[in-house]
Amino acid sequence: MTMRNEAFITGIGQSEIGRKLARHPLLLTVDAVKEALAEAGLSIEQIDGVSTYPGRVPQMLGFSPVGSDELIDALGIKAKWYAGGGEISSQLGAIVAAASAVRTGQARHVICYRTVYEAGAMANPAEYPMMRRDRVDGNSQWTAPFNALSAATWVAQYAMRHVKKYGLTREQLAQIALTDRANALLNPRALVREPLSMDEYLSARMVSDPLCLYDCDRHSDASTVLIVSAGDAIDEVRCTPVRIAAMAGSVDRHSWDQAEWMASYATGRDLWQRTDYTPADVDTVQLYDGFSFLALTWLEGLGFCEVGEGGKFIEGGSRIALDGELPLNTFGGQIAAGRLHGFGFAHEAVVQLRGLGGERQINGDPKVAIATSGGGPLATALLLARDA
Amino acid sequence: MRALPRLDSLNRDFWTGGEHGELRIMHCNDCDGYIHPPRPVCRHCLSENVSAKAVSGRGVIDTYTINHQAWHPKMEVPFVIARVALSDAPGVIITSNIIGCSVDDVDIGDEVSVVFEQQDDVFIPLFEKVK
Ligand SMILES: [Zn+2]
């Protein structure tokens, strides 16, 4: 294999993760950038590209407060290529875009970031106002008039199908949240560092049946950065590069209710058609869990079990535990580490492949990992490999 | 109080057909397919010969959830949010609420029929179980 035309994840960084942090979200982003540059041994002058999701969102600033042009300006980056937008196959689509840029010679080292300030924004509405319109339009008009105001209610309907059609139980679904919370105990940066018992899960209040409070992630303030580097620039980098071995993304009907099935299934299937690796080669999976059920559908969609068998696959929790055969969301996922919005999964996959997980490092010598984002009407999956 | 859609040339028939007791779905006059959300072109055959057509308002619950969380202070809970597959508009699924029965009396596969709730100039299509 010639590495010249491959794309690699090199430096990774992450800010503090918190709720209502006083630190400005641009500075949280700078914190994560500095950590990533230091790990890669790169200077800001060597960065020539920036990629983010979903770009600055003025009507919902807490959701995405830092635009790529602001970061480029703030850091004095001379960018030859940049991109930021929400019309892409979910959060990790920003990594896919960057990988495509470096593989086609448009950039050598691209800072990819996702910054969230959703808790901070709620505490400071004067600076981060929610712009409400009198009337809804676009996709929202097909859900909001029916008080289906949260993605929880949209995901819950897919989950209910699994309950009714395949017999998914609450005890089975609980294993996503229980695993997340157990792993977060070993992640110093995680937002929620308290154990969760099955009894607590089962007695939690329902949000949208069958999803309860602990099936949902929590708004947080944080920034996550991954640097994507070109194969012919890899000798400039100090850290162990992680190769992006395959990428896949898809969108079904973006309006959610018209989508017959979730995009995690088509995306998972496509990923394996673009690589010689198989599910048996995977050492750990970091699967989007903004709602727990999404991670379960990723397990099915990626072929770790049959469609409808996800509940049985995770039953009891030992298979997906830190010392299990397929460790899941070893940093705590979004449910326990905080709503990093997609990028946390890619960050953790690289941490594990480099053996830098500390107390939460998985056993053996992991070489192949999967990171995903989305999973509802749109989805992205990355297959990551360490060659050396 | 429900959030209301901003009416435009494409969605007005859907959101106001209830004034005449009709659920109106964009329809292709060339291939007989339905297009929802409404667009000015048929997603099945790319014909622009499309217009809203009244359907029966009968449907089947594709899936559902019982919403327990009040997403704003005035929201009364619990209530049912469901995806309703329209019986005579193949491939069209509408998110709506199932009203007129206990939230525990709703299941996938239940047959439902449209009723309209007016709020300002909008007629919101809701569904009741067919007895
Ligand atoms: Zn047609």
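Based on protein heavy atoms only, the range B:21-131 ends up with 46 Å² per residue of surface accessible to a 1.4 Å probe.
The contact residues of the range B:55-69, meaning those that lose at least 30 Å² of 1.4 Å-probe accessible area when all protein chains sit together rather than their chain alone, are B:THR63, B:TYR64, B:THR65, B:ILE66, B:HIS68, B:GLN69. Taking A:MET262, A:MET131, A:MET122 in turn, the Gaussian network model of chain A (Cα-Cα springs below 10 Å) assigns the largest fluctuation to A:MET131.
Taking every DSSP beta bridge with both residues inside the protein assembly as shown, roughly what % is antiparallel (nearest 5)?
On the way: 71 of 87 bridges.
So the antiparallel bridges amount to about 80 percent of the total.
Under a Cβ-only charge scheme (Lys and Arg +1, Asp and Glu -1), can you give me the dipole magnitude of the range B:12-129 about the Cα centre, in debye to the nearest 20? Could the numbers behind the result be given before it?
Numbers: 9 positive and 18 negative charges, 68 e Å.
Dipole size: approximately 320 debye.
Counting charges near A:ASP387 (Lys, Arg +1; Asp, Glu -1) among other residues having Cβ under 11 Å from its Cβ returns a value of +2. A 1.4 Å probe run over the protein chains yields, for chain A, 36 Å² of accessible area per residue, whole-number rounding. Normalised radius of gyration (Cα atoms, divided by 2.2 N^0.38 Å) for the protein assembly as shown: 0.99. Past the 22 angstrom mark, what percentage of all C-alpha to C-alpha distances in the range B:12-129 do you count? For the range B:12-129, the fraction of Cα-Cα distances above 22 Å is 38 percent. Per residue of peptide A:149-158, the mean number of Cβ atoms on other chains within 10 Å of the residue Cβ is 5.
Which value at 222 nm does chain B reach when only helices count, each DSSP H run of 4 or more adding -39,500 (n - 2.57), with the total divided by all residues and rounded to the nearest 500 deg cm²/dmol? Computed mean residue ellipticity for chain B: -500 deg cm²/dmol. Among the cysteines of chain B, those with no neighbouring cysteine Cβ under 4.7 Å are B:CYS101. For the chain pair A and B, the buried solvent-accessible surface (1.4 Å probe, both sides summed) amounts to about 3300 Å². Ligands, DNA and RNA aside, A:SER68 has an accessible area near 10 Å² when probed at 1.4 Å.
Evaluate peptide B:8-17: per residue, the Cβ atoms of other protein chains within 10 Å of its Cβ; return the mean as an integer.
That average works out to 1.
Among the residues of A:190-196, the average count of other protein chain beta-carbon atoms within 10 Å of the residue beta-carbon is 0. Please identify, among A:ARG253, A:ARG189, A:ARG114, the residue showing maximal mean-square fluctuation in a Gaussian network model of chain A using a 10 angstrom Cα cutoff. Between A:ARG253, A:ARG189, A:ARG114, it is A:ARG253 that shows the largest mean-square fluctuation. What's the local net charge at A:PHE304, with K and R +1, D and E -1, over the other residues with C-beta under 11 Å away? Within the 11 Å Cβ shell, the charges total -3.
Semi-axes of the equivalent ellipsoid of the range A:183-267: what are they in whole Å, largest first, if each equals the square root of 5 times a C-alpha gyration tensor eigenvalue?
Numbers: eigenvalues 233, 124, 25 Å².
Semi-axis lengths for the range A:183-267 are 34, 25, 11 Å.
Given +1 at the Cβ of Lys and Arg, -1 at the Cβ of Asp and Glu and no other charges, the dipole of chain A around its Cα centre is 460 debye to the nearest 20.
For the protein assembly as shown, the carbon plus sulfur part of the accessible surface works out to 48%, probe radius 1.4 Å. GNM on chain A, alpha-carbon springs under 10 angstrom: the most fluctuating residue among A:GLY84, A:GLY49, A:GLY364 is A:GLY364.
By the scheme Lys and Arg +1, Asp and Glu -1, what is the net charge of all other residues having a beta-carbon under 12 Å from that of A:GLY105?
Numbers: positive: A:ARG4, A:LYS80, A:ARG103, A:ARG108; negative: A:ASP48, A:ASP232.
Net local charge, A:GLY105 excluded: +2.
Taking each DSSP H run with n ≥ 4 as -39500 (n - 2.57) and averaging over every residue of chain A yields -8500 deg cm²/dmol at 222 nm.
The values are calculated or read from the model by the stated rules, or taken from the named source; none is laboratory data. Only a predicted model underlies this, so the values are computations on that prediction, with no experimental measurement involved. Positions of Cβ are backbone-derived with ideal geometry, glycine not excepted, and every protein chain shown enters the neighbour counts. Heavy atoms of the whole protein, side chains included, go into the accessibility calculation; ligands, DNA and RNA do not. Shrake-Rupley method; radii C 1.70, N 1.55, O 1.52, S 1.80 Å.
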